[in-house]
1. From the list 287, 232, 264, which residue is polar (S, T, N, Q) and at pLDDT 90 or above?
2. Looking only at residues in the range 141-157 that are within 19 Å of residue 206 (Cα to Cα) and not basic (Lys, Arg), which one is modelled with the lowest pLDDT?
3. Within the range 211-237, can you find the residues that are under 19 Å from residue 166 (Cα atoms) and either free of Cβ contacts under 8 Å to residues at least 24 places away in the same chain or not in a strand (DSSP E or B) (or both)?
4. Considering only residues that are within 30 Å of the chain's Cα centre (by Cα) and of a type in the set (Val, Ile, Thr), which ones fall in the range 247-271?
5. Would you point out which residue out of 159, 254, 165, 242 is buried (at least 18 other Cβ atoms within 10 Å of the Cβ) and in a loop (DSSP other than H, G, I, E, B)?
6. In the range 235-253, what residues are at pLDDT 85 or above and within 29 Å of residue 127 (Cα to Cα)?
7. Pick from the range 195-210 the residues that are within 42 Å of the chain's Cα centre (by Cα) and assigned to a strand (DSSP E or B): which of them is farthest from residue 246 (Cα to Cα)?
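The values are calculated or read from the model by the stated rules, or taken from the named source; none is laboratory data. Predicted model only: the values in this text are computed from it and were never measured. Here Cβ is always computed from backbone atoms with ideal geometry, including for glycine, and neighbour counts include all displayed protein chains.
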Amino acid sequence: MKPRSKSRITAGFSLFGPWSAAASSSLLLLASCALLAFSVFRPAALSGIRTASSDLFAPVLGTVSLPLQNLADFVGGVTGLTELRAENTRLEQENVRLREWYQTALRFQAENQSLKELLHVKIDPAYSFITTRVIADAGNAYVKSVLVSAGSRDGVREGQAVVSGEGLVGRVVEAGENTARIVLLTDINARVPVLVEGSRQRAILAGTNADLPVLMYLPPDSAVPEGARVVTSGDGGAFPPGLPVGSIALGPDGKRHVRLFSETGRLVHVRIVNIPENPYLVRNAQTE
């Protein structure tokens with residue numbers, strides 16, 4: 001028996017191949033239509049088959065869907081990371097703005113506290129005052145002095161008394177149009193007529209360029225106890241009477257010094273007292 005030749009086999013496949021593919025497609029189409037029609041008219045009959053098929057192919061579907069799920073999770077993670085970066089940038093910008101507002105709030109709080117402290121010192125109604133800010137420490141001929149942001153156009157003039165929230169600070173020695181220089185009580189050039197409460201002893205408070213000014217012209221036999229309160233006497237009309245200055249403290253040299261109520265090294269706001277030319281006439285006019 002002779003084997004078939006290669007050409008015949010190829011010819012057989014070429015004849016029956018297209019017919020077999022067309023027949024298979026037709027049979028699958030007819031089967032699909034039959035199942036579709038059967039499922040429409042008898043849906044309950046195929047539920048068991050669908051369930052069994054789902055159970056049978058569930059592991060395969062799970063294995064196939066796992067890479068797709070991982071890809072979806074990766075895309076979601078990338079998208080979420082982008083959103084997180086945008087949110088982080090927004091929060092950083094908001095944090096910068098909040099820090100700026102926080103610093104502004106602290107500055108306003110300090111100013112508010114400083115202005116409240118100014119209300120502690122009661123000034124005679126006969127005198128008006130100008131509230132201003134300390135802008136710099138000044139040297140020049142005065143070792144202990146400061147500059148304030150108020151001048152002659154605001155009503156400031158030389159010789160006016162200056163107070164803080166605790167008591168007397170110094171007096172105006174120079175007044176420009178927009179600024180003024182204040183010599184502090186601790187400056188060696190400062191001289192203030194004072195009165196020791198209780199004993200009614202009068203003296204002159206003299207600065208020494210140190211933290212504790214000294215009391216001059218105080219009688220040696222005067223019974224002035226340590227810790228006694230010292231106020232301005234008003235002698236000469238340069239300072240209003242009764243402004244708190246400090247308390248008496250004995251120094252290492254045995255002299256009576258004054259521990260000032262005001263912290264001259266930490267001034268923020270001060271009040272410049274406007275003394276009229278004749279304050280007694282002002283008082284009489286108010287009482288009449």
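1. 232
2. 141
3. Within the range 211-237, 211, 212, 213, 227, 228, 233, 234 meet the criteria.
4. 264, 268, 270
5. On inspection, the qualifying residue turns out to be 165.
6. 235, 239, 240, 241, 242, 243, 244, 245, 246, 247, 248
7. My answer is 206.
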